[in-house]
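Notes follow the structure.
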Amino acid sequence: MSIKSKENSMPIYVAIDMTTKKRLFWCLCLLLVFVVWYVFFGAGRSEQYAAMKQSMDEYETLLRETREQILDRLKMCQRDCQHWDPEAPVIYAVTPTYARPVQKAELTRLSQTLMHVSNLHWIVIEDAVKKSSLVENLLARTNLNHTHLFVQTPVPYRRKGSPRGVEQRNAALRWLRKNKTMNDKGVVYFADDDNSYSLQVFDEMRYTKEVSVWPVGLVGGLMVEKPILNLTTGKVVGWNSAWRPDRPFPIDMAGFAISLQHILKKSKAYFAYNVSGGFQESHILQQLTVRENLEPKADNCTQVLVWHTRTEGPRLTEENKLIARGIHSDVGLEV
Ligand code: UDP
Ligand code: MN
């Protein structure tokens, strides 16, 4: 570009030559093209980018939440999942249960005890015409290995004084005999839903050869009902029971366990209605063993590791008044 001298005093732009003008023109064109491109495409792109960024942010949040959920689940598993040793015998805890105001409380308590027991399979049998959502949901939440069955006690035996849990325990025996083989190592324990169990009692029963026995607290009108041993031979020689001591096996359902193989071997052994409440234990044990063969556990039957506790029925006087007016305190709530 040639700039004119001051004397000529011509405006500087006039002095710009043609080549420069052309260049300037093309530069302006280019700028215009860019502006047009930006307005029509660039701005659109940036919207696209913004949308992409938003979805990336959403994915990031989702991933973070998923990660938190996985960590929560892991934590739950560490708390709830039982240790499973494929070599150790499985404890099949058989629990009859029936609908009543305290049912969820009982099953929650028992399930949370069982969560601490390794190699455990919980067989829950509802005394009902179908599975209830209460029990189903509870089992789903526990993470326990379980089998959920149901069978209703026949009408003639639904009276007070009839033996309880007969039909349900038999259903569990049938299930075991159908689904297990002599190669399966295990032990069967009749764990009613209202008793109190020490974790130790499960350790004691796990290696039962045929039938093992131990004391039970708070039963038969005594602080404890227990087998009496000859400490030289280590055999059961009698019982301390006070209520109907003439029972062939004066022992509570919570005081013995049977090896799975023995249950399979003695395939005809069942509970029965034609024997009354306190004689169910004797009835089944007579089909399975003789006193001399019992295996005493719990430090030669010197420890109480299970209690025949019974939950007091709740007083629902106010609830009943509400119900009379067509109202329930537990609408939409599972209690
Ligand atoms: N049970 C049942 N249906 C009934 C009554 C009881 O399935 O109609 C169950 C109950 O939930 C428990 C077992 O049978 O697991 C023994 O019943 P309960 O504890 O009432 O008898 P207990 O030996 O304490 O007299
Ligand atoms: Mn009970």
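Of the helices (runs of 4 or more DSSP H) that lie entirely inside the stretch 235-335, those containing 3 or more residues that are within 16 Å of ligand 1 (Cβ to nearest atom) and at pLDDT 95 or above span 280-288. For the stretch 177-187, the criterion of a residue being surrounded by fewer than 15 Cβ atoms within 10 Å (Cβ to Cβ) and more than 30 Å from Ser267 (Cα to Cα) is satisfied by no position.
Among the conditions (1) without any contact (Cβ under 8 Å) to a residue 12 or more places away in the chain; (2) within 18 Å of Ile284 (Cα to Cα), the only one that Ser212 does not satisfy is (1). Given the condition in contact with a strand residue (DSSP E or B) (Cβ under 6 Å, 6 or more places away or on another chain) and within 16 Å of ligand 2 (Cβ to nearest atom), answer yes or no: does some residue in the stretch 182-189 qualify? Yes: one or more hits. Counting the residues of the stretch 249-268 that are of a type in the set (Gly, Ala, Ser) and surrounded by fewer than 19 Cβ atoms within 10 Å (Cβ to Cβ) gives 1. Considering only residues that are outside any helix (DSSP H, G or I) and within 16 Å of ligand 2 (Cβ to nearest atom), look in the stretch 99-125 and name the one that is nearest to Glu87 (Cα to Cα). Among them, the one singled out is Val124. Residues in the stretch 96-114 that are polar (S, T, N, Q) and within 12 Å of ligand 1 (Cβ to nearest atom) were compared, and the one that is farthest from Leu316 (Cα to Cα) is Thr97. Within the stretch 190-207, being closer than 14 Å to Val94 by Cα and within 16 Å of ligand 2 (Cβ to nearest atom) holds for Phe190, Ala191, Asp192, Asp193, Asp194, Asn195, Tyr197. Just so you know, in the stretch 188-207 the residues that are among the hydrophobic types (A, V, I, L, M, F, W, C) and over 26 Å from Arg158 (Cβ atoms) include one that is surrounded by the fewest Cβ atoms within 10 Å (Cβ to Cβ), and it is Leu199. Show the residue pairs that are 6+ apart or on different chains and have beta-carbon atoms under 8 Å apart, the first residue being within the stretch 295-314 and farther than 30 Å from Pro101 by Cα and touching a residue at least 40 places away in the same chain (Cβ under 8 Å), the second being among the aromatic types (Phe, Trp, Tyr) and more than 16 Å from ligand 2 (Cβ to nearest atom). Hits for this filter: Pro296/Trp214; Lys297/Trp214; Ala298/Trp214; Cys301/Trp214; Gln303/Trp214.
Close Cβ contacts (under 9 Å, 6 or more residues apart or on different chains) running from residues in the stretch 165-188 that are in contact (Cβ under 8 Å) with a residue 40 or more places away in the chain to residues that are part of a helix (DSSP H, G or I) and within 16 Å of ligand 2 (Cβ to nearest atom) comprise Gly165/Met253; Gly165/Gln280; Val166/Gln280; Arg169/Met253; Arg169/Gln280.
The values are calculated or read from the model by the stated rules, or taken from the named source; none is laboratory data. All values derive from a computational prediction rather than experimental measurement. Cβ: placed from backbone, ideal geometry, glycine included. Neighbour counts: every protein chain shown.
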